[in-house]
Ligand code: HEC
Ligand code: HEC
Ligand code: HEC
Ligand code: HEC
């Protein structure tokens, strides 16, 4: 339905175009591409090529990029909204007309035939995480649902928390045991992939404890809910869900904040709890229905569909949005991290990317850079 409406709109626009003037042979642009070429030859070629292909990794391709976006980004450099020093200086010396013209020049170039497509490896953190998770299955269960008392389930856990927790064992910040040896050689991207894989699994409620009174635990848990979510299902990426978790593990980890585990918030909240309180609160949380963290996209392709809603905007869109297909991978990674970390200003993109780990960013950048530019 949506497609057919879109089809009609496109068709009627084409018809309007035909009645007014002959179909343009080149993409119509606002600036003077000929004048822009002179600027490109003099000032841009060394890095962006006269054909608009970045000459080295992390230099973006400009060929066939939307004119409106090219102009916006030059203005952003000029106004200091984008921090790159060299571009900032260059843009500062360009007139509004220069910017229009050079934007027109690059926008009218044909897209770069995607030589990179063959050598870019499309990495999926979920697939990678699944493979790595085999090493954890013995204790945590294949899908992160452990059946061993004392061993926490990882299924559905908040991904940022999981990544941080894994890293704490890895660095020896959390009491070691079986954990360190299995993770010693894991790198950061692998840790995040593991966390994403487990976070995307459906959690199964653990067995009810023999100690503690869930009814008494409910009012006592009131002060925990502000952070751990109502009924122990956390909505904060850095705070673990407690619902349906293993009782023995919960008791042990609450007590660990009195001694070995360091976390200012937690240490403060558990300091006043008696052992009986801890048993009761634990009984309450174990009895709650666990739910997977909802911030985890289940595949990179699914995530890309969300991005495409803006990034595939048609030519008449008033949004200044860049094309990403066939763009240099390192550049995309860098741009996404800059938005996430607040180094590049765009409230839209910052909001989009705050939840993305490096693993997701790497994967989505691989996906786009390996698709043919158009
Ligand atoms: C010294 C190398 C260098 C030169 C010369 C250079 N650029 Fe760039 N350009 C870069 C790099 C690196 C970036 C990515 C910077 C960043 O992260 O914001 C970039 C980014 C851009 C962007 C943003 C693209 C996007 O997808 O967001 C535009 C537009 C651009 N350059 C236009 C130009 C123009 C026009 C010229 C000539 C007037 C020029 N550049 C000269 C290296 C260069
Ligand atoms: C030999 C058994 C064993 C293996 C193998 C194992 N774990 Fe664990 N894991 C445990 C136990 C036991 C705990 C609880 C330790 C504690 O009390 O702090 C734990 C705790 C964790 C936690 C903390 C969970 C939380 O809620 O804070 C994470 C994360 C974790 N393991 C991830 C992994 C990953 C990832 C792997 C595979 C690479 C793995 N573990 C392999 C036994 C194991
Ligand atoms: C101010 C926010 C806050 C409050 C209030 C809070 N917590 Fe936490 N809790 C956290 C954070 C953040 C972590 C993860 C800390 C870390 O990485 O060690 C955590 C960790 C935990 C863990 C470890 C879970 C695991 O999987 O290892 C347990 C158990 C826990 N909290 C129970 C409680 C209980 C019970 C209360 C109420 C008495 C409570 N928390 C109150 C923020 C809070
Ligand atoms: C609501 C619309 C919207 C959505 C959804 C969106 N973007 Fe964007 N994106 C923008 C806009 C607008 C810009 C330009 C911002 C600026 O000027 O810095 C942008 C810029 C970017 C850039 C910088 C590219 C360059 O050439 O510098 C990257 C990379 C990017 N987005 C990736 C993504 C990814 C990946 C997703 C999906 C997870 C996504 N975007 C979803 C609107 C959106």
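The values are calculated or read from the model by the stated rules, or taken from the named source; none is laboratory data. The structure presented is a predicted model; accordingly, all values stated were derived computationally and were not measured. Reconstructed Cβ throughout: ideal geometry from the backbone, glycine too, with neighbour counts over all protein chains shown.
Test residue 318 against the criterion of being more than 16 Å from ligand 1 (Cβ to nearest atom) and more than 19 Å from residue 194 (Cα to Cα), and give yes or no. Let's see the steps before the verdict.
Working: more than 16 Å from ligand 1 (Cβ to nearest atom): yes; more than 19 Å from residue 194 (Cα to Cα): yes.
Judged against the criteria, residue 318 is a match.
Which ranges mark the helices (runs of 4 or more DSSP H) fully within segment 24-104 that have 1 or more residues being within 16 Å of ligand 4 (Cβ to nearest atom) and in contact (Cβ under 8 Å) with a residue 12 or more places away in the chain?
Details: elements: 33-39, 45-48, 67-78, 85-92.
Result: 45-48, 67-78, 85-92.
Residue-by-condition table, conditions (1) outside the structural domain of residue 212 (by TED's automatic domain parsing); (2) surrounded by fewer than 19 Cβ atoms within 10 Å (Cβ to Cβ); (3) more than 16 Å from ligand 4 (Cβ to nearest atom):
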site	(1), (2), (3)
246	no, no, yes
252	no, yes, yes
255	no, yes, yes
265	no, yes, yes
270	no, no, yes
277	no, yes, yes
319	yes, yes, no
324	yes, no, no
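Which residues, taken from segment 254-269, are more than 18 Å from residue 231 (Cα to Cα) and in contact (Cβ under 8 Å) with a residue 12 or more places away in the chain? Reasoning before the result, please.
Taking segment 254-269 and keeping what is more than 18 Å from residue 231 (Cα to Cα), we get 255-265, 267-268.
Result: 255, 256, 257, 258, 260, 261, 262, 265.
Report yes if some residue within segment 308-320 is modelled with pLDDT under 90 and touching a helix residue (DSSP H, G or I) at 6+ places or on another chain (Cβ under 6 Å); otherwise report no.
Yes, there is a match, as at least one residue in segment 308-320 is modelled with pLDDT under 90 and touching a helix residue (DSSP H, G or I) at 6+ places or on another chain (Cβ under 6 Å).
Among the residues of segment 132-177, how many are away from ligand 2 (no atom under 11 Å from the Cβ) and within 16 Å of residue 187 (Cβ to Cβ)?
Selection size over segment 132-177: 1.
Go through (1) over 27 Å from the mean Cα position of the chain (by Cα); (2) surrounded by 12 or more Cβ atoms within 10 Å (Cβ to Cβ); (3) at pLDDT 95 or above one by one and return the number of the condition residue 10 breaks.
In the conditions (1) over 27 Å from the mean Cα position of the chain (by Cα); (2) surrounded by 12 or more Cβ atoms within 10 Å (Cβ to Cβ); (3) at pLDDT 95 or above, residue 10 misses (3) alone.
Test residue 211 against the stated conditions and say whether it is within 14 Å of ligand 2 (Cβ to nearest atom) and over 30 Å from the mean Cα position of the chain (by Cα).
On the way: within 14 Å of ligand 2 (Cβ to nearest atom): no; over 30 Å from the mean Cα position of the chain (by Cα): yes.
No, not satisfied.
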